[in-house]
Structures are given as structure tokens and as C-alpha cells.
Amino acid sequence: MDTIYLDNNATTRVAEEVFEEMKPYFTEYYGNPSSMHTFGGQVGGKLTEARERCASLIGCDPSEITFTSGGTESDNWAISGILAATPNRRKLITSRVEHPAVLTMCRSMAPHGYNVVEIDVDEKGRLDLDQLEKEVDEDTALVTIMWANNETGTIFPVEKIAEIAHNSGAVFHTDAVQAVGKIPVNMAESNIDLLSVSGHKLHGPKGVGLLYVRKGVMLRPFIKGGHQESGRRAGTENTAGLIGLGKACQLAEENIDRENREVKRLRDKLESGLLEKCSDAFVNGDSSKRLPNTTSISFEYIEGEAILLMLDKYQICASSGSACTSGSLEPSHVLRAMGVPFTAAHGSIRFSLSIYNKEEEIDKVIEVMPPVIKRLRELSPFGRQQK
Amino acid sequence: MDTIYLDNNATTRVAEEVFEEMKPYFTEYYGNPSSMHTFGGQVGGKLTEARERCASLIGCDPSEITFTSGGTESDNWAISGILAATPNRRKLITSRVEHPAVLTMCRSMAPHGYNVVEIDVDEKGRLDLDQLEKEVDEDTALVTIMWANNETGTIFPVEKIAEIAHNSGAVFHTDAVQAVGKIPVNMAESNIDLLSVSGHKLHGPKGVGLLYVRKGVMLRPFIKGGHQESGRRAGTENTAGLIGLGKACQLAEENIDRENREVKRLRDKLESGLLEKCSDAFVNGDSSKRLPNTTSISFEYIEGEAILLMLDKYQICASSGSACTSGSLEPSHVLRAMGVPFTAAHGSIRFSLSIYNKEEEIDKVIEVMPPVIKRLRELSPFGRQQK
Amino acid sequence: MWDYTEKVKEHFLNPRNVGEVENPDGVGEVGSLACGDALKLTFKLDEESRIEDVKFQTFGCASAIASSSALTELIKGKTLEEAENITNKDIADYLGGLPDEKMHCSVMGKEALEAAIENYRTGETVTHQMEGNVVCTCFGITDTEIEDVVRE
Ligand SMILES: Cc1ncc(COP(=O)(O)O)c(C=O)c1O
Ligand SMILES: Cc1ncc(COP(=O)(O)O)c(C=O)c1O
Ligand code: FES
Ligand code: FES
């Protein structure tokens, strides 16, 4: 059996159709879209198409989309760009469970005279809306809260949050990197001001993303220089990558039902299969409001990296915490914010599926994983009694 | 005849070898190098190789290379990163002929209490070293001056400039986007502190680049979030693109002689051929210290865009000013800084060659261009008498 | 992804000497749950005061498991004095090396051994920080420090 890839919140496979669409733009149509000749200009036409495809997926006008180098840049830009454009407001509100692309950027603003507030979540990872309502005030420049959490899949009530922000005249940005392509997103019927998307989370290439900026919202450029992207984001466009992003968005729009039916069914099967066979295991996050592809399961008394390496032997790919924070030895900040006990937080595994997963793959994981857990518990000074 | 591409300073064709190297990393080895499974980890190994190849081209240690999304990000980062790390020094020195990626960033620092000084160039585009020497002082945080100019190809004495900067304890950054791959660059025997490179200028893909940071030089991160690139640059790595960049650097190292022999010979042939056949035409910049592939020729009394469109009919691609500033109607800031008269600056055309250009292509341009110039001058109220 | 050697992976997948020695002469426990790792080591001596049997249990990452396994292999048959002289580097070398970021994982096994020897000599149970809210020491500097200034 081949690799069983269940780490789609870390990154996804580029769809064949996406790669086909990108191919000609490396060695053949390599022109610079800013150039004053047909050879470059024709690539500009494909970028326009890409932008339209992205706009269609999230239900906005193409002019509201600015291409970036990925989710991290989009997040960094939204935060710094709004703060710079609103110098009189000095409060910045986020949550404790944001991705580092948001959290690190927010925290880095504190030494520059910003009051940075991180809203708590409860044990299910649900945002404390009362606290949010209390904190948002006339001094608040920006509220930035993710649409869906990358580790647990928990979905936040972004429309409600936008409303709270707007009541005090604050701008609302959401990191929708994990949401777009997995659940329906429609900016035409939304009051969100800014929204970040990353290509490689929806079967597009790595190193491209976009920031949606609602018409009328002012923000300062982040990467400055040439006039690309209507002067909003400088730097020669990653043409092939962005054409790929456009195609990925088109496919995502077509596949959103499969995502919420087939992928969800497999996720549920995996989850209940594992919980049934492993004792002292439980799901992290709000299972009622959750991405269809994600499950985070804590296996008590054992350590995540050890589990992952055991799974690796079977070519099963998953992650412990988020890919971005693994490598650090602390349990994930998301699980800590939810108050998951240390014994459990350390042993949490995230499985994230995609439309490319097959039923047999899920069956295989349900078969091989329980003995792995049992084995590791035998090594643990805490878990002897458990199966 | 096919497209005659003479716009390689705007962007280059991705080499076949580069694309071959990238191919498997889209749909096949699509893992995230940060992941804790072999499937992701193996991609990390290829990134290490890519970093080594880049390091070899510029003669540095792989640990001194941080990957970015391109030349613009590298430039922006070098400037903001050094200023943030050196808060006590408030002067920033650059030149009037920098690429917008440097110039716009520098100018954007002025409202933040920085004294931004732009050093002049003479009519040949040569930097005023006396002025530089006078301006660099104990308050100077950073001197940022390009290695080679994108419009004229003029090469600056970067080692001398670095020395002047260091004499006052300032850091020296150079935008080497146009230099690397065209002329030899060896950081091991240099005293440059930071250096920007862009992939798509040396037959690599668009949307990737790197910043060289000499060991011991401190600078703040620009894109913040996850721990990628040893915590220096956050965001999931553009794996395929960076693997392509590595291969492009390897090829550039192999081809540097061809660049300085064959490409230079064709450039010289083109230049003398055109000057011979067209009156009131002259070369901009310092022809004695110049990139081997670039020539900027001013054709007096006519307008660059018109020339380009005529050439486009013959599928000849060139540019007027830089690709980044075309689209704006003013003559290029570089030619203005050099004091090129308006009548001539407007009609300047840059040809930039690469190793993929053929002798026949150059012959063709020398054949079709003079009548184009003549034709346009017949339309001009100024140029009637000229041939 | 960590670059583990084949030997590390082998010891991780098939750890030697797992469990608890019956009627041990020495017992050592180190680490804490908060830290994400904890290790218990027990040994028994033979008539010549050499380590006859040694076993471990660990709540830790793959490196911790492999390092503990390596340590037990290294000290079997040695006197306590000889065992005490084994360094983290010996453990890492035995495993063909550990990633820099994971060197500290080999420390825990050694600390547990020292605790067990102390327990044997003094009869006192030395339990380092098995519970409680000890902040993780695995990671000497904080994220913010790293992100604030990139240095070489
Ligand atoms: C919620 C969230 N935000 C932001 C990012 C960063 O996106 P990128 O990897 O494209 O920089 C990620 C993924 O890494 C994510 O999961
Ligand atoms: C001298 C110079 N610096 C910087 C850049 C910007 O590089 P990039 O297009 O990769 O952002 C360019 C090219 O556009 C350039 O010619
Ligand atoms: S006449 Fe068209 S640009 Fe001035
Ligand atoms: S035991 Fe702490 S990280 Fe290895």
C-alpha cells in the first residue's frame, strides 16, 4: 500500500488539473505580465482569469482580490496594513488559538504601542463572545479571528464577530486559510472586511495566496515597490503559481459538496473507529461546528511525536499539533488555550482528509493504529493499565 | 520566425532543466517539509540541496541564505529588518537609480523619522562616491545600493561602497537581482552584509528569491509566523519553486562564462549594429562597467511605447524603462537621474539578452529596427530631418 | 521533520529493556508531564556489583525512547562507577547521532540513572518534578526571542 496522506491541513496535493494548467507558464509563456509586448501581455490575460476564478469561489468582485505569496503574507499584511491605515486606534484584538501567522504578528505590535488582546476559548475551543463584546471599543482598529482552526477544525461565528467589530467601527479580518474550499464562503452576503486564503491548502501550489479586501476598506501595502496588483502588492507575479491557484479555486467550487459529504463521512468513520478501539482517547474541539475533514484526537499518557513515527512506519501521514509548531517541544498553544490536560495535549494527533482519500485507507488506519497506541502505552510510566 | 525575446532583465524563460527538477514536487512529492513524517521530510532534503546550490553560486555558507518570495520581498526585508534591529541609527542611504523595490521602501521610512538620502549618479549612471562618503556617518544604519542597474546594466563598485559603509559602522545591503547569474559573485571574498537575489531573473521560476545575510548580521524578520527558514521567514515554503531556484543557480554557475562571452558578443553586435544604422541614437549608462547582456539605447525624438509596439509586430520583445515602471507614463527615474534629456529619455529602449538568444535573432533586429525608427520619426514633429 | 539515524529509528521501534525490574536495587524518576517527558529507570545489581538488569519507561518523544533504550544497553554489565561516566555524547554516538534540537532528550535518561544510583546509595527516593506545573525546559529560549531577532 502507498502513502496514506491524512495531513491535508498541513498541505495538500496539487490537483492534476491544476498542474496541467500551470505547465505552459514556465518554459513556454514565461513573459512578465507587466511587459509592453504581446508575449508578456498574454500572461496577464491568464492572471485575470485566475483572479475571476478565485473571486467566484469566495463570491466577491475580482478587484477585491490581491495575490500574495501565501497565507502567512496575507495575514501579516492584513494586520499591519490596517493598523498603519488607522493610526488613531491603538487596540488590536485576536484569539488565543490563531495560527502563528496571525498571533506572532499581533504580538509583535505590542512593543509599538498597541494594546493586543487575545480572546479566550472554552474547553471545546469555542470563542468567548462575551469577552469579545466587552473588549471591542472605539479604540479598536482591528479584530482578527480565524474562520476555522487548523488544529481542531472548530468553526468560529465570523459573521457575528464581524458585527461586534463593526458596532465599534473596527475592521474585521479573518484567516480563512482552512475554511476556503472546505465550507461555503460567500463574501457577497457577508460583512467580513478582509479574508486570507492560501493556495496549498486547497490543492493549489505552495507559495501563493490572496487577500480579499472589501471595496472601500483602506489598508497600506506591505510589500512595496513596483505597480503590480494595482499598486497593492509589489513584486513580479508568480504567474504559474497564481494560474494554478485560480484553477484550484475553480475545482474547490466544484468539489465543495463532495468535501461536505464524502470527506465528512470518511472523517466520521475514522474518528468513531479509533475512539471505539482505543481507551482514554477523546476528540478535541467542537464536533458540532467543525470542518468536514478534520479530527483532533488525544490519546492520553503518550507522546505525539512517538505516535507519528510509529504511523510513519505504515506510511500513514498525520500531524501532532500543527505542522508549523511541531519542531517545538511544547504542546500546541491551541490545546493549551482550550485547557486540555497536559497528559492528553501531548498525545494529540490531527487527521485531516481530502477528496483524494479512499475508504481502504481509513480502514487501514483503524486497523493499525490501536496496537500502536497500546504498544506506546506499554513504554509509558503513566499508561500501564490502559489498553 | 518565433518570438525574439530580448527582455531578460524583466524576466527570463525557466530553463528546461529547472522545470524538470521542479515537476515531481507538485502532484507527487507534495508534502510539507515541516511535517513529522517521511513523506514531508524527504522534501526538506531537496530544499537543503537547493540551498547548497544557491550558496555555491554566490560563494557563501548555506546557513547564510534565507528563501523569500522574490527580489522585492528580499529588498523590503533587508531594509526594514536592519532598521528595526538598529533603532539608534536613523539615517538610511540609497541611490536615485534603485529599483522601486528598494526606493519605495526607503522612501516609506521617511515618515517614521528616518533621514533618507538618495545619492546621485552622473550622466553615465556612475554613483557619486564623494557624496556617499560625505553622507555616511555614525547615525547611518544602512546603505543599500544595487550591484547592477536593471535599466542600463551599469555595475556599481559594491566592495568600495561596503567599505565606506563599514567605516562608519553602517550595514551594507546590495540588490544583486540583476547581477547574480550574469557576473561572478563571491561572498567569501566580499564584505557585503546582505544581498538580494530573484529566481526569475536567472532562468528560475517567478515568485522565489533569497536574501543572503552574512553570519553575525542581525536583522528582524519581515514575514512572521511559523518557524520555517530557522525562524527568519515564516510561511510554508514554496518547495517546487525553491527547488527550481536551486537548479537555476547551479546552471547559472555553469553558464557564467557563456554569459560573459557569447551573450556579451551578441549584445555588442546588436548595439553597434543599431547605432550604425540609426542616427541620433546613443547608449545610456557606463559601457565600460556594464552587465554583459544589457544595452539601453535612446532614440531621440520618438516615444518608447510606440517603438515597442512596432517591434511587437515582428514579435521582438524589449522594454522601455523597466517593466515595473512601464505602465506609468513618466520617463524612467533612472534616466532622469542620469540627466538624459527628455526627448531622448522617452525614446529609450532596453534590450536584455540571455544564453537562449541566437545570432539570427540579433541579425533580424538589426534588420527590422532601423526602418521602424525612421517611420516613427516621420510621425514626430521633432524628428523629421533624421533618418 | 527530524533527521533520525537508522539506529535511532531502530531503537525507537524496538526499544530494549522496557518495563520495571522486580525488586530493584535502585529507582530513579525524572521529568514531568508538563515538560512532555518523564522517565523511570530501575536496576538490579549482581554479586560483583555490576548492573545485571535495567529497565525503563518513558513518556517522551522518539529520541527520548531511543536514548533510554541505548542507555540501558550501554550500562548493562557495568559497575555503577563505570555507568556514571557515560555521557550524553556516548549515548548520541551509540545511536549514530541525534539532531541538535533533540540532544536534550538524551539527558533525561542519564538524569534518571543518576537518580537511581543515588537512590541505591542513600536509600532516598529522588523524584525530580514528576508532577506539577514546571515550565518546559526542553526549549531554552522562547518563541518571541527567536522571532524578535534573527541571529547567527
Ligand atoms: C489557519 C492558517 N493560517 C495561516 C497559515 C499559513 O499559510 P501559508 O502556509 O500559506 O503561509 C496556515 C497554514 O500553514 C493555517 O493553517
Ligand atoms: C534590480 C531589481 N531589483 C528587484 C527586482 C524585483 O524582483 P522581483 O520581481 O523578484 O520581485 C527587480 C526586478 O523586477 C530588479 O530588476
Ligand atoms: S500621449 Fe499617450 S502617454 Fe502621453
Ligand atoms: S524528550 Fe523532551 S523533546 Fe524529546
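Read-outs: derived from the displayed coordinates by stated rules, not from any lab. This one's a predicted model, so the numbers in the text were calculated from it and none came from an experiment. FYI the Cβ positions are ideal-geometry reconstructions off the backbone, even for glycines, and counts take in every protein chain you see.
Worth a mention:
- Neighbour-limited loop hits for GluC sites (Glu not before Pro), the stretch A:39-116 (at most 15 other Cβ within 10 Å; DSSP other than H, G, I, E, B): none
- Entry for the stretch B:222-300 at q = 0.22, 0.25, 0.26 Å⁻¹: log10 I(q)/I(0) = -0.97, -1.12, -1.17, Debye formula applied to identical alpha-carbon scatterers, no solvent contribution.
- Spin-label model, C:K9 to B:E159: label points 7 Å out along the Cα-to-beta-carbon direction sit 4.7 nm apart.
- Given charges at beta-carbon only (K, R positive; D, E negative), |dipole| of chain A in Debye: 440
- Highest-MSF residue in chain A out of A:A84, A:A176, A:A162 [GNM, Cα springs under 10 Å]: A:A84
- Of all lysines in the structure, the ones whose alpha carbon falls short of 17 Å from that of C:K9, not counting any fewer than 8 places away in one chain, are A:K313, C:K102.
- Calculated [θ] (222 nm, deg cm²/dmol) that DSSP helices of n ≥ 4 give over chain A, each run adding -39,500 (n - 2.57): -11500 deg cm²/dmol
- Of B:R53, B:R232, B:R96, the one that fluctuates the most in a GNM where chain B has Cα springs shorter than 10 Å: B:R232
- The stretch B:16-251: relative contact order in percent, alpha carbon pairs under 8 Å with at least 6 residues between: 28
- The angle between the Cα long axis of helix A:239-258 and the main principal axis of chain A comes to about 50°, on a 0 to 90 degree scale.
- Of B:H37, B:H333, B:H166, the residue with the greatest mean-square motion in the GNM of chain B, using alpha carbon springs below 10 Å, is B:H37.
- Radius of gyration and Dmax over the Cα atoms of the stretch B:141-297, both given in Å: 17.8, 58
- Cβ crowding within 10 Å ranks B:Y301, B:Y5, B:Y314 as B:Y314, B:Y301, B:Y5, fewest other Cβ atoms first.
- Degrees, to the nearest 10: A:264-277 long Cα axis against longest axis of chain A: 30
- Between C:E52 and B:D61, the simple label model (points 7 Å from Cα in the Cβ direction) yields a spacing of 5.2 nm.
- Model label sites at B:Q42 and A:E133, defined 7 Å from Cα along the beta-carbon direction, differ in position by 5.3 nm.
- Dipole size of the protein assembly as shown about its Cα centre, with +1 on Lys/Arg Cβ and -1 on Asp/Glu Cβ: approximately 2100 debye, rounded to the nearest 20.
- For the stretch B:114-225: rounded, prolate or oblate by the Cα gyration tensor [a/c cutoff 1.5]: oblate
- Along its principal axes, the stretch B:16-251 has C-alpha extents of 56, 35, 29 angstrom, given from the largest down.
- Across the stretch B:96-217, the relative contact order, built from alpha-carbon pairs under 8 Å that are at least six residues apart, equals 18 percent.
- Per-residue average of Cβ from other chains inside 10 Å of A:96-104: 4
- Cα long-axis angle, helix A:158-167 against chain A (0 to 90 degrees, to the nearest 10): 50
- By the rule of a C-alpha distance below 17 Å, with chain neighbours fewer than 8 residues away ignored, the lysines paired with A:K247 are A:K23, A:K46, A:K182, A:K201, A:K206.
- Measuring between alpha carbons in the structure, the pairs from A:K160/B:K224; B:K264/B:K374; B:K91/B:K269; A:K91/B:K134 lying more than 32 angstrom apart are B:K91/B:K269; A:K91/B:K134.
- Cα centroid separation - the stretch A:14-92 against the stretch B:119-187, whole Å: 33
- Computed from the alpha carbon atoms alone, the convex hull of the protein assembly as shown holds 165 Å³ per residue.
- Hits among aspartates and glutamates - C-alpha to C-alpha of C:K55 under 13 Å, sequence gap 8 or more where chains match: A:E378, C:E20, C:E22, C:D25, C:E29, C:E73
- Listing A:I192, A:I223 from fewest to most neighbouring C-beta atoms within 10 Å gives A:I192, A:I223.
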